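Participant: Input: one structure, supplied below.
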């Protein structure tokens, strides 16, 4: 599908714009299939898990349409993996140096730039100035006689002191055929970048092309990087590489002024989700008052789901005795999830984990609070 462009597609796929439920699944061979950071997001709804396709209104509110999927059909969602030489460079070819960031791509858009439509630099919710820049990488023969100048596209942030930090990068490479090259282009100064503060998403127009290919490809897309500090939502993500779950602390977690603690649960995906059957994964963390933008992660102790099944992750936030766990759809209306349905999540002894003798936080077992 092709469309004109002037603003990026919807910032994220989430239920009611708050506290999505992330999932991990198994394929038919019983191998763990994470809901990859780069992939689509399954949200537990009132009837069946749904993949939400979102777009943005003029005021930045996510407007979603739902596509229903049975749990058994989740095995049909393919793994996201890096492209091969001769294929267009895409979001899975990005390498990120900041945890929690991941790339996505929208449908192809019409060729052409609109100068001055969007600024070349934007601020994120941490006050950092973000942009996309292209720098020289190397000269390569690429298996033949012709020499190619390969370039690197970088995602860069400037902090308050003016120091530039590279958050991620994607490199041109030699193609599958000698004397060809796969290229990735993003001219932020010309096409601009857009930051959605609600979902923590940076978007820009990217061009992928095969240089000197007899029958090459050349296309433009809205590419995005998600995982920046959000305004309200807690976005849990599962990493298959580190077998961990993590998120970046929002500016106002679930609309609360601050956060005293977070509690993360996992459970089996059912129709509808039974939050009372959720099990604690990590409780009363991080053990200090987390700052906005701080990345919090922890080992994933949830079992690998059986083939054709899936497990979900849900994080609640508590501040001054009030606990929130996002919103859900009920009878066509958005309502707050009943956080009281979640089992009490506590560390043995309660409260924050005690510091160890070396000054670090001692690990503690997350258990259902039973009064023992």
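The values are calculated or read from the model by the stated rules, or taken from the named source; none is laboratory data. Values in this document were obtained by computation on a predicted structure and should not be read as measured data. Neighbour counts run over all protein chains shown; Cβ positions are idealised from the backbone, glycine included.
Participant: Quick one: how many residues across the stretch 187-227 are surrounded by fewer than 20 Cβ atoms within 10 Å (Cβ to Cβ) and either free of Cβ contacts under 8 Å to residues at least 60 places away in the same chain or more than 21 Å from the chain's Cα centre (by Cα) (or both)?
Facilitator: Qualifying residue count, the stretch 187-227: 14.
Participant: Additional query: List every residue pair whose Cβ atoms sit under 9 Å apart, with the two residues 6 or more apart in sequence or on different chains, where the first one lies in the stretch 332-360 and is more than 14 Å from residue 263 (Cα to Cα) and the second, anywhere, is modelled with pLDDT of 85 or more and outside any loop (DSSP other than H, G, I, E, B).
Facilitator: 336/324; 337/275; 337/314; 337/316; 337/324; 338/275
Participant: When you look at residue 311, is it in contact (Cβ under 8 Å) with a residue 24 or more places away in the chain, over 20 Å from residue 101 (Cβ atoms), under 18 Å from the mean Cα position of the chain (by Cα) and not in a loop (DSSP other than H, G, I, E, B), yes or no?
Facilitator: yes
Participant: Just a yes or no: is a residue in the stretch 346-365 modelled with pLDDT of 50 or more and in contact with a strand residue (DSSP E or B) (Cβ under 6 Å, 6 or more places away or on another chain)?
Facilitator: Within the stretch 346-365, one or more residues are modelled with pLDDT of 50 or more and in contact with a strand residue (DSSP E or B) (Cβ under 6 Å, 6 or more places away or on another chain).
Participant: Does at least one position in the stretch 119-140 carry a residue that is modelled with pLDDT under 85 and within 18 Å of residue 205 (Cβ to Cβ)?
Facilitator: Yes, because at least one residue in the stretch 119-140 is modelled with pLDDT under 85 and within 18 Å of residue 205 (Cβ to Cβ).
Participant: Given the structure, is residue 115 at pLDDT 95 or above and either farther than 21 Å from residue 295 by Cα or touching a helix residue (DSSP H, G or I) at 6+ places or on another chain (Cβ under 7 Å) (or both)?
Facilitator: In short, no.
Participant: Tally time: how many residues in the stretch 71-84 are surrounded by 16 or more Cβ atoms within 10 Å (Cβ to Cβ) and either farther than 22 Å from residue 171 by Cα or at pLDDT 90 or above (or both)?
Facilitator: Adding up the residues that qualify gives 4.
Participant: When the stretch 132-148 is examined, which residues are found to be surrounded by 13 or more Cβ atoms within 10 Å (Cβ to Cβ) and either free of Cβ contacts under 8 Å to residues at least 40 places away in the same chain or farther than 29 Å from residue 212 by Cβ (or both)?
Facilitator: 137, 142, 143, 144
Participant: Residue by residue through the stretch 314-330, note down the ones that are over 29 Å from residue 127 (Cβ atoms), touching a residue at least 12 places away in the same chain (Cβ under 8 Å) and either surrounded by fewer than 22 Cβ atoms within 10 Å (Cβ to Cβ) or in contact with a helix residue (DSSP H, G or I) (Cβ under 7 Å, 6 or more places away or on another chain) (or both).
Facilitator: Once the filter is applied, which keeps residues that are over 29 Å from residue 127 (Cβ atoms), touching a residue at least 12 places away in the same chain (Cβ under 8 Å) and either surrounded by fewer than 22 Cβ atoms within 10 Å (Cβ to Cβ) or in contact with a helix residue (DSSP H, G or I) (Cβ under 7 Å, 6 or more places away or on another chain) (or both), the stretch 314-330 yields 329, 330.
Participant: Please find, within the stretch 293-308, the residue that is surrounded by the most Cβ atoms within 10 Å (Cβ to Cβ) out of those that are in contact (Cβ under 8 Å) with a residue 60 or more places away in the chain and in a strand (DSSP E or B).
Facilitator: Here the answer is 297.
Participant: Next question, about the same structure. Being assigned to a loop (DSSP other than H, G, I, E, B) and in contact with a strand residue (DSSP E or B) (Cβ under 6 Å, 6 or more places away or on another chain) is the filter here, so list the residues in the stretch 250-292 that pass it.
Facilitator: 256, 258, 259, 260, 269, 278, 286, 287
Participant: Tell me, which residue of the stretch 232-243 that is under 14 Å from the mean Cα position of the chain (by Cα) and surrounded by fewer than 18 Cβ atoms within 10 Å (Cβ to Cβ) is modelled with the highest pLDDT?
Facilitator: The qualifying residue modelled with the highest pLDDT is 239.
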